[in-house]
Amino acid sequence: MAFYITTPIRFKCTQCSQCCYGGKYAYVRANDDEIKAIVDYLQIDKNQFTEKYLIKLVDHGYGIKMKTSQTARLTGKKGHCMLLNNKGKCSVYPVRPIQCRTYPFWPEILSSEQYWNDEVTRCEGINQGEVIDVDYIEQQKALSFAAEVIINK
Ligand code: SF4
């Protein structure tokens, strides 16, 4: 049984944007529909967008690249999603991919209470705010899982 069924979990997003940061090999998964939605939203040429922002993944689908500034490189900081604007906010928020929408309710983070609590080092919203309804958690987790499966099919 999933731990959050017997141990209520709390979450409140503070919009700190730390979930948009990742390590050297990180990327944000996006399928064809999600890329189309972003391209339409930004009103940018799809080929230009693909060349500048995307990496083709080995299995299937695309990843939105992480950007590491010179300062970040020198100070060892993590890169951030290329779609963060210069105020550190998501520039495609209304059409952000499911990977972003469902965070932190990803199957791997919810696979144990320890993984959930460990994720606090990245997400300051974990264990803050109101208790989250189990049905909502399950729905988000299923969406995240389905997106991964579709991309990997
Ligand atoms: S890291 Fe957590 S609190 Fe910060 S923006 Fe992402 S989901 Fe919200």
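The values are calculated or read from the model by the stated rules, or taken from the named source; none is laboratory data. Everything quoted here is computed from the prediction, not taken from an experiment. All Cβ positions, even for glycine, are placed from backbone atoms using ideal geometry, and neighbour counts span all protein chains on display.
Kindly indicate the residue of segment 35-63 that is of a type in the set (Ser, Thr, Tyr) and buried (at least 17 other Cβ atoms within 10 Å of the Cβ) and also nearest to the chain's Cα centre (by Cα) among those meeting that condition.
Selected residue: Tyr62.
Would you confirm, using the coordinates I've provided, whether Ser111 is surrounded by 13 or more Cβ atoms within 10 Å (Cβ to Cβ), hydroxyl-bearing (Ser, Thr, Tyr), closer than 24 Å to Leu57 by Cα and more than 13 Å from the chain's Cα centre (by Cα)?
So Ser111 does not fit the description; no.
Go through Glu130, Glu124 for me and flag whichever is acidic (Asp, Glu) and in a loop (DSSP other than H, G, I, E, B).
Glu124
Select from segment 12-31 the residues that are outside any loop (DSSP other than H, G, I, E, B) and touching a helix residue (DSSP H, G or I) at 6+ places or on another chain (Cβ under 9 Å) and list them in ascending order.
Hits for segment 12-31 are Cys19, Cys20, Val28, Arg29, Ala30.
Filter segment 125-145 down to the residues that are over 17 Å from the mean Cα position of the chain (by Cα) and either among the hydrophobic types (A, V, I, L, M, F, W, C) or at pLDDT below 95 (or both) and list them by number.
Val131, Ile132, Val134
Show the residue pairs meeting these rules: Cβ distance below 6 Å; 6+ apart or different chains; first residue within segment 102-131 and free of Cβ contacts under 8 Å to residues at least 60 places away in the same chain; second residue near the ligand (Cβ under 10 Å from one of its atoms) and assigned to a helix (DSSP H, G or I).
Note: pairs meeting the criteria are Ile109/Glu119.
Exactly one of (1) at pLDDT below 95; (2) crowded, with 19+ Cβ neighbours inside 10 Å; (3) within 12 Å of the ligand (Cβ to nearest atom) is unmet by Arg122. Its number?
(2)
Can you pull out the residues in segment 91-108 that are within 14 Å of the ligand (Cβ to nearest atom), within 20 Å of Arg10 (Cβ to Cβ) and part of a loop (DSSP other than H, G, I, E, B)?
Hits for segment 91-108 are Tyr103, Pro104, Phe105, Trp106.
Yes/no per residue for (1) within 16 Å of the ligand (Cβ to nearest atom); (2) touching a residue at least 12 places away in the same chain (Cβ under 8 Å); (3) within 18 Å of Gln99 (Cα to Cα):
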{"site": "Thr6", "(1), (2), (3)": "no, no, no"}
{"site": "Arg10", "(1), (2), (3)": "yes, yes, no"}
{"site": "Glu34", "(1), (2), (3)": "no, yes, yes"}
{"site": "Ile44", "(1), (2), (3)": "no, no, no"}
{"site": "Lys52", "(1), (2), (3)": "no, yes, no"}
{"site": "Ile55", "(1), (2), (3)": "no, yes, yes"}
